[in-house]
1. So is Asp69 surrounded by fewer than 20 Cβ atoms within 10 Å (Cβ to Cβ), touching a His at 6+ places or on another chain (Cβ under 9 Å) and modelled with pLDDT of 85 or more or not?
2. For the range 72-98, enumerate the residues that are acidic (Asp, Glu) and surrounded by 14 or more Cβ atoms within 10 Å (Cβ to Cβ).
3. Inspect the range 102-112 for any residue being assigned to a strand (DSSP E or B), under 13 Å from Gly35 (Cα atoms) and at pLDDT below 95 and give the result as yes or no.
4. For the range 58-75, which positions are in a loop (DSSP other than H, G, I, E, B) and free of Cβ contacts under 8 Å to residues at least 40 places away in the same chain?
5. Please determine whether any residue of the range 76-88 is part of a loop (DSSP other than H, G, I, E, B), more than 16 Å from the chain's Cα centre (by Cα), among the aliphatic types (A, V, I, L, M) and modelled with pLDDT under 95.
6. Considering only the range 9-62, how many residues are of a type in the set (Asp, Glu) and modelled with pLDDT of 85 or more?
Amino acid sequence: MKKRHWIIFANLLIFGCASRPPPEDGSTPAPPAAGIIRQVNPAEHYFIFESGKAIPTGTELRLLRKGRDIGVGRALNTREKKFQAADILEGAPRPGDLCEPKVSALRELQESQPGNESQGGRFRP
């Protein structure tokens, strides 16, 4: 019985602590607030993106293709289930491109979340 426990412990120690290597194609995982562009209407200058999290109306979005900036958008309040609309301010996005809040907007988004009031400051005993 003790031998079986030792084997299980050794396997957990060896395989459980192993880290995964980064993807070989050089891609990085999308940030949690990112969305994937599903439809684009260039004539009316808007696109529809899929995201698990609602992005506040008016938030500026970076549009990315293969990790490179390709334009700027602005989130609209039009949302249905996991899909949200955004205006195209610059660039020409295509389905499959990513959109994410700009860094300054992302900080504001995180600070506005309930429970985050004490984060980011100094610890005071």
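1. Details: surrounded by fewer than 20 Cβ atoms within 10 Å (Cβ to Cβ): yes; touching a His at 6+ places or on another chain (Cβ under 9 Å): no; modelled with pLDDT of 85 or more: yes.
Judged against the criteria, Asp69 is not a match.
2. Keep residues of the range 72-98 that are acidic (Asp, Glu), which gives 80, 87, 90, 97.
Across the range 72-98, the qualifying residues are Asp87, Asp97.
3. First, the residues of the range 102-112 that are assigned to a strand (DSSP E or B): none.
The answer is no; no qualifying residue exists.
4. First, pick out the residues of the range 58-75 that are in a loop (DSSP other than H, G, I, E, B): 58-59, 66-67.
Gly58, Lys66, listed by residue number.
5. Restricting attention to the range 76-88, the residues satisfying the condition of being part of a loop (DSSP other than H, G, I, E, B) are 81-82.
Now restrict to residues that are more than 16 Å from the chain's Cα centre (by Cα): 81.
Subset that is among the aliphatic types (A, V, I, L, M): none.
No, there is no match, as no residue in the range 76-88 is part of a loop (DSSP other than H, G, I, E, B), more than 16 Å from the chain's Cα centre (by Cα), among the aliphatic types (A, V, I, L, M) and modelled with pLDDT under 95.
6. Pass one, the range 9-62, residues of a type in the set (Asp, Glu): 24-25, 44, 50, 60.
From what's left, modelled with pLDDT of 85 or more: 44, 50, 60.
Result for the range 9-62: 3.
The values are calculated or read from the model by the stated rules, or taken from the named source; none is laboratory data. Note that the coordinates shown come from a computational prediction; the quantities given were computed from them, not determined experimentally. Cβ atoms come from the backbone with ideal geometry, glycine included; neighbour counts cover every protein chain shown.
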